[in-house]
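These notes concern the structure reproduced below.
The values are calculated or read from the model by the stated rules, or taken from the named source; none is laboratory data. None of these values were measured; they are calculated from a predicted model. Neighbour counts run over all protein chains shown; Cβ positions are idealised from the backbone, glycine included.
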Amino acid sequence: MKNLENKIELAKPSLEHRDSFFEAVREFEAEGKSIYMHGEKPNDDFNKVLEKIRNYEKGINLPADRVPQTELWLVEGNKFIGWVKIRHQLNENLLLQGGHIGYAIRPSERKKGYGTKILELALSVAKSLGIEKALLTCDDDNFGSGKIIEKNGGILENKVDNDGKLKRRYWIENK
Ligand SMILES: CC(C)(COP(=O)(O)OP(=O)(O)OC[C@H]1O[C@@H](n2cnc3c(N)ncnc32)[C@H](O)[C@@H]1OP(=O)(O)O)[C@@H](O)C(=O)NCCC(=O)NCCS
């Protein structure tokens, strides 16, 4: 694993990381995953994406089934490495299968320890939001994500059926 200390941080999404973010979007698309763009396309006005992220955090224009969330980007200088979303509370769906924290690392930067790091940093932000016990979930066959959660102290509560697929539900004491 690369030495991740000092250089790597969670940053508020900003114009500074736009070009690198779009490169990452293309990597996600190339692996067939639709990366969240908050309804925007890579060539659209990036400021709209940023505005949607800010509004989501404040609970402005939230769809009925969503709760406010803080989105942060794992960056190294100008380089975008991954995103994390920290939901401020759980609703029925999040309690069952979504959890408090979701994350992704761009394909070209995987298996270097960044996934483990992004969750570690996100838990600290979650703590500042008052989340003392964080629910983390992943597909039963998402071995990378399962390891990340367990390395960050996740205790498996159960596995639940999610549209025919098993989802693991873990809790992390975040005090
Ligand atoms: C899951 C994901 C975040 C992992 O990120 P990452 O940066 O590769 O994770 P790490 O490098 O910290 O790896 C953590 C551990 O998982 C292992 N791992 C990572 N990807 C793996 C995979 N596809 N299969 C098996 N093990 C894997 C690593 O080898 C490492 O193991 P180790 O601690 O024994 O060395 C990344 O693959 C991703 O973004 N996937 C798509 C989105 C996603 O699934 N998000 C999580 C939703 S719950």
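For segment 44-76, which positions are under 26 Å from Ser145 (Cβ atoms), not β-branched (Val, Ile, Thr) and not in a helix (DSSP H, G or I)?
The initial filter retains those residues of segment 44-76 that are under 26 Å from Ser145 (Cβ atoms), namely 49, 52-53, 56-57, 62-63, 65-76.
Right, trim to not β-branched (Val, Ile, Thr) and you get 52, 56-57, 62-63, 65-66, 68-69, 71-74, 76.
Correct list: Leu62, Pro63, Asp65, Arg66, Pro68, Gln69, Glu71, Leu72, Trp73, Leu74, Glu76.
Before we move on, is Tyr114 hydroxyl-bearing (Ser, Thr, Tyr), in contact (Cβ under 8 Å) with a residue 60 or more places away in the chain and either touching a helix residue (DSSP H, G or I) at 6+ places or on another chain (Cβ under 6 Å) or closer than 24 Å to Ala30 by Cβ (or both)? So that I can check it myself, show each step before the final result.
Values: hydroxyl-bearing (Ser, Thr, Tyr): yes; in contact (Cβ under 8 Å) with a residue 60 or more places away in the chain: yes; either touching a helix residue (DSSP H, G or I) at 6+ places or on another chain (Cβ under 6 Å) or closer than 24 Å to Ala30 by Cβ (or both): yes.
In short, yes.
If Asp161 meets every condition in (1) under 20 Å from Gly82 (Cβ atoms); (2) charged (D, E, K, R); (3) away from the ligand (no atom under 12 Å from the Cβ) apart from one, which number is that one?
(1)
Condition check ((1) at pLDDT below 90; (2) among the hydrophobic types (A, V, I, L, M, F, W, C)) across all residues:
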{"site": "Glu5", "(1), (2)": "yes, no"}
{"site": "Lys12", "(1), (2)": "no, no"}
{"site": "His17", "(1), (2)": "no, no"}
{"site": "Glu29", "(1), (2)": "yes, no"}
{"site": "Ile35", "(1), (2)": "yes, yes"}
{"site": "Glu40", "(1), (2)": "yes, no"}
{"site": "Asp44", "(1), (2)": "yes, no"}
{"site": "Val49", "(1), (2)": "yes, yes"}
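Count, please, the residues in segment 70-110 that happen to be without any contact (Cβ under 8 Å) to a residue 24 or more places away in the chain and more than 12 Å from the chain's Cα centre (by Cα).
2
Return the residues of segment 131-169 that are in a strand (DSSP E or B) and in contact (Cβ under 8 Å) with a residue 40 or more places away in the chain; say none if nothing qualifies. Step through it out loud before you land on a result.
At the first step, the residues of segment 131-169 found to be in a strand (DSSP E or B) are 133-139, 155-162, 165-169.
Of everything in segment 131-169, those that are in a strand (DSSP E or B) and in contact (Cβ under 8 Å) with a residue 40 or more places away in the chain turn out to be Lys133, Ala134, Leu135, Thr137, Val160, Asn162, Lys167, Arg169.
When you look at Leu135, is it within 13 Å of the ligand (Cβ to nearest atom), of a type in the set (A, V, I, L, M, F, W, C) and either at pLDDT 95 or above or farther than 23 Å from Gly32 by Cα (or both), yes or no? Before you say what the answer is, go through the steps one by one.
Details: within 13 Å of the ligand (Cβ to nearest atom): yes; of a type in the set (A, V, I, L, M, F, W, C): yes; either at pLDDT 95 or above or farther than 23 Å from Gly32 by Cα (or both): yes.
Judged against the criteria, Leu135 is a match.
Looking at segment 83-122, which of its residues are assigned to a helix (DSSP H, G or I), crowded, with 22+ Cβ neighbours inside 10 Å and more than 11 Å from the ligand (Cβ to nearest atom)?
Passing the criteria: only Ala122.
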